[in-house]
Amino acid sequence: MKKLNKIVSFLTLGVMLLSCGQKNESTYENNELSVDKRVENLLSKMTLEEKIGQMNQYNGFWNVTGPSPIQGDAAKKYKDLRKGYVGSMLNVRGVDEVRAIQKIAVEETRLGIPLIIGFDVIHGYETMSPIPLAEAASWDLEAIKKSAEMAALEASSVGINWTFAPMVDISRDARWGRVMEGAGEDTYLGSKIAIARVKGFQGDDLSKHNTIVACAKHFAGYGFAESGRDYNTVDVGTSTLNNVIFPPFQASIEAGVRTFMNSFNELNGVPATGNKFLQRTVLKEKWGFDGFVVSDWGSISEMISHGHAKDNKDAANIAVNAGSDMDMESYAYVDHLATLVSEGKVDAKLIDDAARRILKVKFELGLFEDPYKYCDNKREQEVLGSKPVLDAALDMAVKSIVLLKNEKNILPLKKQGQKIAVIGALANDKTSPLGSWRIAAKDSTAVSVLEGLSEYEGNNVVYAKGADVSLGTPDFITEVKINETDKSEFDAAKKAAKNADVVVMVLGEHGFQSGEGRSRTEIGLPGVQQELLEEVYKVNKNIVLVLNNGRPLTLGWADAHIPSILECWQLGTQSGHAIAKVLYGDYNPSGKLPMSFPRHVGQLPLYYNYKNTGRPTLPGKDVVFWSHYQDEKNEALYPFGHGLSYTRFTYENLKVELQGNEVSVKIDVKNVGDVHGKEVVQLYLRDMVASVTRPVRELKGFEMIELETGEEKTIQFRLTAKELGFYNNEGSFVVEPGMFKVFLGGSSKTVIETSFEIKE
Ligand code: NOJ
C-alpha cells in the first residue's frame, strides 16, 4: 500500500510538474518565451478596460507616500490605478515614491501589470549637463552619448525608466524658446545627435537597471511654429517635411528608439495628435516603427481648442484612430474609449495594437521580471551627484563652449598678476546655469562663474553685479520678470572695471527665459544689460563677454565693439568650472554653433542652408529687385558651424575622386597656431540642379580632429547615395545626376570648394 501511495504521489508530482511546465511555457510569466509571445498571452487575459488602462498616463502631482487623497483628480487617479486602468505615470520620482505607486499596480490590480514611469530627463536628472542646444555645439557625439548615459544612470536610480527625450525638432527660429532643447537648425547634425542621445539613454540592453527608454519628440513639425511663438500653427511643404523635419526622427528609429511623442501643433491643418498621415501612414507603416506613441500633455483634449474635435470623446476617437497609443493627462481614453468601442466607432483591434505596443516596451524593460528594479535606495544614494556623473557633466560643459570672437588676444587670460573685474548678476548665479528643464535639480547647485574663477588664485578678482537680470525668484511655471529699470549699481561696476586689466562680463538670459512657453520677440541682452555693457565699455575696452543664454541672441553691438566673446549657454551643474577652464586656456575651445546667430530678429527664420531664390544677387548699383533687406544684410552675424579656437587651422589640397557610386573627398588640415587644439572639419554639398531645388549648401559630413602645433592631417570623407540624394515631392529618395559643389572648412562659411559630376 505504501508502495502504491508512493507511486501515486510520484505520478501526481509528475503531472503537477508537467502542468506547471505547460503553464509556464504558454504564459507571459515565462521569460524564456519571446517578448511577442508573452505580450499576446497577456493580451488574451485582459479585458477591454484593462487594455485601455495601459493607454492611460497620469501625472503624479501628489505626494504618493503620503495619505492618499480622497477627493478630486488625485482620488480618481488612485481609484483607476487600483482597477488596473493606468499604464503609466509621469513625474513620480524618488525610490520610495515610485515603489509605492508601483506596488499599487503590481499588488492591487487583477493582473499586476507594472507601470512605466516617465519623466523629462532632458539634460540630466539632478546633476545637470549643458542644455541640449549647448551640447549640440560640441559636435562631439561620444560626449553627447555619455551625457545621456549619465542622465539615464541618475534617473534610473530614482525609479524612472522612461525619459521624454531627445527632442529632435529642427528649428530655424531663435524666437522659439524651445530651441534650447534641441540640436539646432541642421538636419544632418540633428540626426547624428539624435542617434547619440537615443543610444546614450537606452544603451545596448533596455533590461539593464541603468538604461531607460528614450522618446523622440515632438512628432512632427513643432520646431516650425509660425513666428517662433510656442504651440503656434505649423504649415510646411512636402519637401521641408521630408528633407528637414523627418530625418532626425527616422534616425532615432534606426538607433532603436522605443517611443515617440506627438506634438501640440497642428500640421497643415490637422493637429499632430490626431494626424493619421503622420502617425499611421508615415511612422508606423512606412517606417515600420513598432514602439508606441504617447501624446503630449493634454494634446488629445487640445484638439477641441484647435477646432478639430467637438468634445473629449470625439478627441479620443480621432487620436486613437490616428495612432496615438497613450494619452498623457487628457483623460480622454480612460473616460471614452470603451464606449467608443461598444458604439462601433473605434475598432477593438486598434486598442489591441496600442496595448500590445506599450506592453512590449514594458517587457523589454524587464519590468515583469522585477517591477522594482529601479527602486533601490542604496543605488539612489550612490549614484546621485557621484563622481562619474559630475566628471561627465564637466567634460560636456567645456566642450559646449563656443569662442565667437577673439581679437587683441585677451583670451586665454593670463594666470598671474592680473586685476580682473567680473561684472554681471549671472556671474554670481548658481541657479540660472541649470536651465529650465531641471525639475529635479536643486536650486543653487550649479558652480557659478565666480566660484570657478576663484580656483585660479594668481589674479586679483573683484566682483560687481552691475544690474540684476531678473526680479524675484524665477520659476518653471511663471513668466520671468526682467529688470528693465534698476541701474543703481552701474557706477560700482564701472569703478571696478576702470581699475582692472581685464573685465569679464557675464551677461545674457536667465535660465527660465528659454524652454517651453518662453518665446521672445526681442532677442538681444534682456533688460538693462546692453546698457550696462556699453557703459562699462566706456571706461575699459578690454572686455571678455561671457554669454549665458538658451537661444541665439542678436549681438551686433557687442560684435562691433567687444574684443572677445565666449558663448557659454546654460552649462549645467559644472558651469563655472567649465567657463573658468576655458577662460584660462586649460581647455582650448572647440565648440561650433549649431544655430545661426542673426544680426537682427527681423531676419528670422534664418538658417545657413537656405534656397538660392531666382534673384540671389544685386543686379546693379542701388537696384532693389533682388532678394534682400533695405536695412540689414541677409547673412547671419555668426553662422551655423562657426566657432574659433586659441589656435588656427588651415585647409588645403581639396581632392575629389569618384569611386563607383561613391565620392571620396580628401582635405589637409593643419594647426598653424601656437597651441594644440581641436577642430570640427565640416563638409557641405550643393546639388546644383535638381527636380526639387536644393539648398545653397548642406552639411553632409564632419569630423572632429585634434592637432598639435604644426601638425597636419589628411581627412577623408565618403559620400554615398545617402549624402548625395534627397526626397522628391513624391516622397521617393533620389540621387539625381549632374553637377555638385563640395565645400570644406571650419564653419558653414567654408574656405575651400570644388565640384564633381554624378553621371547618369
Ligand atoms: C509638454 C512638453 O511639450 C513635452 O515635451 C514634455 O515631455 C511633456 N510636457 C511632459 O512634461
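The values are calculated or read from the model by the stated rules, or taken from the named source; none is laboratory data. Treat the numbers as computed from the prediction; the structure is a model and nothing was measured. Here the Cβ positions follow ideal geometry from the backbone for every residue, glycine too, while neighbour counts run over all protein chains shown. SASA here: full protein model, heavy atoms, side chains in, ligands and nucleic acids out. Shrake-Rupley method; radii C 1.70, N 1.55, O 1.52, S 1.80 Å.
Can you tell me the order of 429-438, 398-407, 730-739 when each peptide is scored by its average per-residue count of other Cβ atoms within 10 angstrom, highest first?
The packing order, highest mean first, is 429-438, 398-407, 730-739.
Can you tell me the order of 560-568, 242-250, 339-347, 204-212 when each peptide is scored by its average per-residue count of other Cβ atoms within 10 angstrom, highest first?
242-250, 560-568, 204-212, 339-347
What is the gain in length, in nm to one decimal, between residue 96 and residue 49 on full extension, counting 0.36 nm per residue of separation less the C-alpha to C-alpha distance?
14.1 nm
Against the longest principal axis of the chain, how steep is helix 72-83, in degrees 0 to 90 to the nearest 10, with axes from Cα atoms?
Computed tilt is about 50 degrees.
Compute the helix-to-body angle for 35-45: its Cα long axis versus the longest principal axis of the chain, expressed 0 to 90° and rounded to tens.
50 degrees
Okay, which of segment 449-484 sit inside 17 Å, backbone N to the point 7 Å along the Cα-Cβ direction of residue 415?
452-461
Let's test the formula: R0 of 41 Å, r as the Cβ-Cβ distance of residue 501 and residue 622. What FRET efficiency results, to the nearest 0.05?
Between residue 501 and residue 622 the formula returns 0.30.
How big is the dipole moment of segment 215-269 about its Cα centre under a simple scheme where the beta carbon of each Lys and Arg is +1, that of each Asp and Glu is -1, and everything else is neutral? Debye, nearest 20, please.
For segment 215-269, the charge dipole is close to 180 debye.
Could you tell me the calculated FRET efficiency between residue 111 and residue 477, based on Cβ-Cβ distance and R0 = 35 angstrom, to the nearest 0.05?
0.40
Work out, step by step, the length gained on full extension between residue 739 and residue 705: first 0.36 nm times the residue separation, then minus their alpha carbon distance; give nm to one decimal.
The residue 739-residue 705 span can extend by a further 9.3 nm.
Quick one: how many lysine pairs does segment 260-382 have with C-alpha atoms less than 13 Å apart and a gap of 8 or more or different chains? Give me the count, please.
4
Could you pull the accessible area for residue 693 with a 1.4 Å probe, rounded to 10 Å²?
The accessible area of residue 693 comes to roughly 90 Å².
Could you state the angle between the C-alpha long axis of helix 332-342 and the longest principal axis of the C-alpha atoms of the chain, as a value from 0 to 90 degrees rounded to the nearest 10?
Taking the Cα atoms of the chain, the angle to 332-342 is about 40 degrees.
Taking Cα atoms of segment 398-603, Rg/Rh with Kirkwood Rh, to two decimals?
0.93
To one decimal place, what Kirkwood hydrodynamic radius in Å is obtained for the chain from all pairs of distinct Cα atoms?
Kirkwood radius, the chain: 27.7 Å.
Label points 7 Å out from Cα along the Cβ direction at residue 690 and residue 630: separation in nm?
According to this spin-label approximation, the distance is 3.5 nm.
On a full-extension model of 0.36 nm per residue, what is the gain between residue 455 and residue 752, subtracting their alpha-carbon distance, rounded to one decimal in nm?
102.7 nm
Total Lys pairs in segment 649-758 closer than 15 Å by alpha-carbon, pairs eight or more apart in sequence or interchain only?
Qualifying lysine pairs in segment 649-758: 13.
Explain nothing, just the number: dipole magnitude of segment 358-501 about its Cα centre with +1 on each Lys and Arg Cβ and -1 on each Asp and Glu Cβ, in debye rounded to the nearest 20.
The dipole magnitude comes to about 480 debye.
Starting with the highest mean, order 86-92, 519-525 by the number of other Cβ atoms within 10 Å, averaged over the residues of each peptide.
For the peptides 86-92, 519-525, the packing ranking is 86-92, 519-525.
Which distance in Å, rounded to a whole number, links the C-alpha centroids of segment 723-760 and segment 180-219?
Using only Cα atoms, the two centres lie 27 Å from each other.
If you place +1 on the Cβ of every Lys and Arg, -1 on the Cβ of every Asp and Glu, and leave all else neutral, what size is the dipole of the chain about its Cα centre, to the nearest 20 Debye?
For this selection, approximately 880 debye.
How high is the relative contact order of the chain, in percent, with contacts defined as C-alpha pairs under 8 Å that are six or more residues apart?
It rounds to 13 percent for the chain.
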